[in-house]
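**Q** This is the structure, below, for whatever I ask next.
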Amino acid sequence: MARPDRTPDAPQDRPPKGGGQGPPGPPPLRPQRQQWLMFLWLAIAILVVANFMEATQRPDRVEFTYSEFLEAVEQGEVEEVILRGQSVEGTFTEQARTRRDLDAGEGFSTTRPTVEGRQLLDHLQAHGVRIIARPEDPPWWQSMLMLAVPWILLLAFLFWFWNRMQQRMMSGGGPFGVGQSRARQIKAEDSDVHMEDVAGSENAKRDIFEVVDFLKQPERYRALGARVPHGILMMGPPGTGKTLMAKAVAGEAGVPFFSISGSEFIEMFVGVGAARVRDLFKKAKEQAPSVIFIDELDSIGRARGTGMGGGHDEREQTLNQILSEMDGFESHHAVVVLSATNRPDVLDSALLRPGRFDRKIVLEMPHRQAREAILRVHTRDMPLADDIDLARLAAITTGFSGADLANLANEAALLAGRREREIIDWACFSNARDRVLLGEAKDVALSEAERHRVAYHESGHALLAYLLPQADPLEKVTVLPRGQALGVTAQVPDEERFTYGEAYLRDRLTVMYGGRLAEAIVFGEVSSGAQDDLDQATKLARRMVARWGMSERVGPVVFTQSHEHVFLGKEFSQPREHSEETASLVDAEIRRLLTDVESRGRELLEHHREALDALAEALERRETLEFDEIHELLEAHLPGAAGEAPGHRAHRDAPAPKGRDA
């Protein structure tokens with residue numbers, strides 16, 4: 001599903017209307033910043049006033065040069081001298097004040113040189129001047145400032161800490177706001193996703209848009225006696241667009257939208273989650289009509305009383321509060337709860353009943369037409385080459401979710417950028433698709449013997465996929481290591497499958513054994529490279545026998561395995577559904593089924609050994625073979641006219657070959 005940027009003609013991108021208005025002024029300062037500026041100006045004012053007071057309170061003194069001071073001492077005009085560092089202050093004798101026409105108490109001041117310390121003292125003593133030595137003290141305002149600075153810093157820290165606590169309390173954090181909701185309120189103008197940006201889920205969009213329309217025009221529905229659903233639960237595999245749909249609702253509803261994840265309710269203290277639920281619904285009711293979106297509902301909505309160790313008190317109390325708020329004694333009809341989960345099987349039954357989650361919307365993997373629509377949304381702002389066919393790209397991306405398709409488009413754009421191209425061509429999409437589906441190519445240096453074995457292994461898979469009539473069509477085969485595999489045989493279904501026939505499943509099992517059988521036929525032994533094939537084949541065979549009734553001896557009965565339970569405790573709390581004899585019979589039928597398909601695959605590979613050798617040789621030489629290359633090669637080595645070997649079908653609907661890296 002898509003999350004593109006808004007178009008240039010979006011309302012928020014247009015200039016404001018109206019004439020005669022100049023450009024907007026600077027944004028207003030925050031209250032906290034204004035308070036700090038006020039404290040700064042107050043400190044500067046205190047310093048200016050202190051300097052002024054010191055200047056006004058300083059007694060009148062005659063400024064002397066040092067030579068004039070020495071001359072006054074020699075003439076006997078100095079009565080007393082106060083030495084404070086290099087500063088020299090003193091008073092005149094009565095005769096000197098009269099001669100100089102000075103007021104009583106008026107003195108003089110000067111500054112002595114640093115080297116004149118001892119000589120000055122001797123000179124003053126020789127002329128009978130009284131000497132007073134005092135330490136060089138700073139001004140009174142400096143002393144006061146030094147005493148006040150620690151207190152100012154302490155008060156500033158307390159003031160800052162208090163403001164932070166207030167902010168955390170308002171946002172639901174901190175010890176005083178631990179019970180407050182952490183939901184984020186999203187305004188319609190802040191959301192850049194709308195319904196036209198969501199593709200491939202038309203049924204889900206229709207159900208969601210009905211609720212959005214109710215929130216916009218409640219009177220029209222209430223006049224008919226209808227009420228808005230209390231809750232809407234979106235279910236589906238990861239990547240199918242559940243959260244994207246919620247973003248579209250936030251952009252379309254035009255009412256307050258609160259978004260929160262289920263894990264944000266849970267804390268280590270019991271009761272905190274329930275308190276946050278109460279606070280969230282309180283805020284939503286105050287702004288009703290409104291929408292609450294709870295993502296990953298299964299984190300708090302799991303079934304109660306499961307497991308061996310009892311319940312989880314905090315999670316269960318949170319769930320109980322949600323149940324009460326959605327449909328309790330005090331019912332409300334103006335708050336819609338929108339939730340998303342990819343695990344509906346673990347949710348509590350009380351949460352799913354009508355009156356709580358009235359409407360359940362299933363978002364499935366997109367089909368071919370839906371994938372094409374999703375690709376159009378994701379590539380509408382990309383410069384595409386003329387060889388791009390989105391319908392063809394949708395056909396070879398079977399099983400891709402909306403998130404996978406978005407990632408595919410992004411990988412293709414990144415690949416085009418790395419290749420310094422101005423447009424994105426089919427080769428970029430083809431290589432990006434291989435990277436997403438098959439994994440990233442690894443730089444692994446295989447020995448010649450390993451490379452030879454891998455070539456036969458993949459050729460065994462490819463040859464059986466080509467020969468068997470019900471197998472999925474081949475797309476390409478490569479011996480280049482990708483992801484966790486040393487080689488890859490890619491098959492692409494030619495149609496969407498919603499049910500699987502027994503013949504198709506048997507052919508699929510046979511193809512899984514193709515690599516192991518080719519190694520056994522050519523080298524006389526098997527290797528560990530078939531581990532994943534055996535694992536997948538065993539799981540598929542067990543489902544066929546124990547769950548889908550595809551065994552005559554076992555019959556049309558379902559036998560649930562213990563490891564299939566969601567909760568561990570149910571394995572021990574529920575009685576066994578079958579006896580040991582039945583379990584042995586199921587295991588024997590699984591072994592018989594796998595042995596039969598293995599024998600069939602061995603017979604086909606031995607009968608077409610020449611085609612297997614030719615395919616392995618070409619694969620080892622070219623490293624990667626597309627379907628048309630495989631078809632051309634096998635036509636020359638398979639018996640029958642025009643390559644129509646027994647059991648072979650030509651895949652007429654197989655996709656055309658795609659470009660390779662330059």
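Values in this text are rule-based calculations from the coordinates and carry no lab data. Note that the structure is a prediction, hence the values are computed from the model and not measured. Using ideal geometry, Cβ is built from the backbone for each residue, glycine included, and neighbour counts are taken over all protein chains shown.
**Q** Give, rounded to the nearest 20 debye, the magnitude of the charge dipole that the stretch 448-643 has about its Cα centre when Lys and Arg contribute +1 at Cβ and Asp and Glu contribute -1 at Cβ.
**A** In debye, rounded to 20, the stretch 448-643 gives about 660.
**Q** Report D for the stretch 448-643 in µm² per second (integer): Stokes-Einstein, Kirkwood Rh on Cα pairs, 10 °C, 1.306 mPa s.
**A** Once the numbers are plugged in, D ends up at 87 µm²/s.
**Q** Placing one identical point scatterer on every Cα of the stretch 368-438 and ignoring solvent, what is log10 I(q)/I(0) from the Debye formula at q = 0.13, 0.23, 0.29 Å⁻¹?
**A** The Cα Debye sum returns log10 ratios of -0.30, -0.99, -1.60.
**Q** First measure r as the distance between the Cβ atoms of S349 and S263, then evaluate 1/(1 + (r/R0)^6) with R0 = 30 Å and state the FRET efficiency to the nearest 0.05.
**A** Plugging the Cβ-Cβ distance into 1/(1 + (r/R0)^6) gives 0.85.
**Q** Let me ask another. Pop a pseudo-label 7 angstrom from the Cα along the beta-carbon direction at both A334 and R609 and give the gap in nm to one decimal.
**A** Reported label-point gap for A334 and R609 is 8.3 nm.
**Q** Next up: Give, to the nearest whole percent, the P(r) tail of the stretch 200-282 beyond 16 angstrom, counting all Cα pairs.
**A** More than 16 Å apart: 63 percent of the Cα pairs in the stretch 200-282.
**Q** Find how many whole Å separate the alpha carbon centroid of the stretch 380-425 from the alpha carbon centroid of the stretch 582-632.
**A** If we compute the Cα centre of each part, the gap is 33 Å.
**Q** If you average the alpha carbon positions of the stretch 439-495 and of the stretch 185-242, how far apart do those two centres end up, in angstrom?
**A** 44 Å
**Q** Assuming 0.36 nm per residue, please report the length gained on full extension of the stretch E63 to M382 beyond their Cα-Cα distance.
**A** Separation in residues times 0.36 nm, less the Cα-Cα distance, equals 106.6 nm.
**Q** Using R₀ = 60 Å, calculate the FRET efficiency as 1/(1 + (r/R₀)^6) where r is the Cβ-Cβ separation of L147 and A288; round to 0.05.
**A** After rounding, the FRET efficiency stands at 0.55.
**Q** How many nm is it between the label spots at T560 and Q95, if each spot is 7 Å from the Cα in line with the beta carbon?
**A** 12.5 nm
**Q** Same structure, new question: Checking the table K205/K476; K205/K539; K242/K283 against a 31 Å threshold on Cα-Cα, which pairs fail?
**A** K205/K476; K205/K539
**Q** Taking the simple approach of a point 7 Å from Cα along Cα-to-Cβ for both Q536 and R134, what is their distance in nm?
**A** Result: 9.7 nm between the two label points.
**Q** Figure the gain on full extension for Q484 and R421 (residue separation times 0.36 nm, minus the Cα-Cα span) and round it to one decimal in nm.
**A** Value of the extension gain: 19.6 nm.
**Q** Let me ask another. If I take every Cα pair under 8 Å that is 6 or more residues apart in the stretch 368-438, average their sequence separation and divide by the length, what percent do I get for the relative contact order?
**A** Relative contact order here is 37 percent.
**Q** Using the Cα atoms as the points, what is the convex hull volume per residue of the stretch 184-362 in Å³?
**A** Dividing the Cα hull volume of the stretch 184-362 by its residues yields 119 Å³.
**Q** Report the paramagnetic label zone for L121: residues of the stretch 70-101 whose backbone N is under 13 Å from a point 7 Å from Cα along the Cα-to-Cβ axis.
**A** 83-85
**Q** Taking one equal scatterer on every alpha-carbon of the stretch 402-499, how large is log10 of I(q)/I(0) by Debye at q = 0.15, 0.22, 0.23 1/Å?
**A** Each listed q maps to, in turn, -0.76, -1.14, -1.17.
**Q** What is the list of residues in the stretch 458-491 whose amide nitrogen lies under 19 Å from a point 7 angstrom out from the Cα of E632, following Cα to Cβ?
**A** Under 19 Å, as judged by backbone N against the label point of E632, lie 463, 466, 474-479 of the stretch 458-491.
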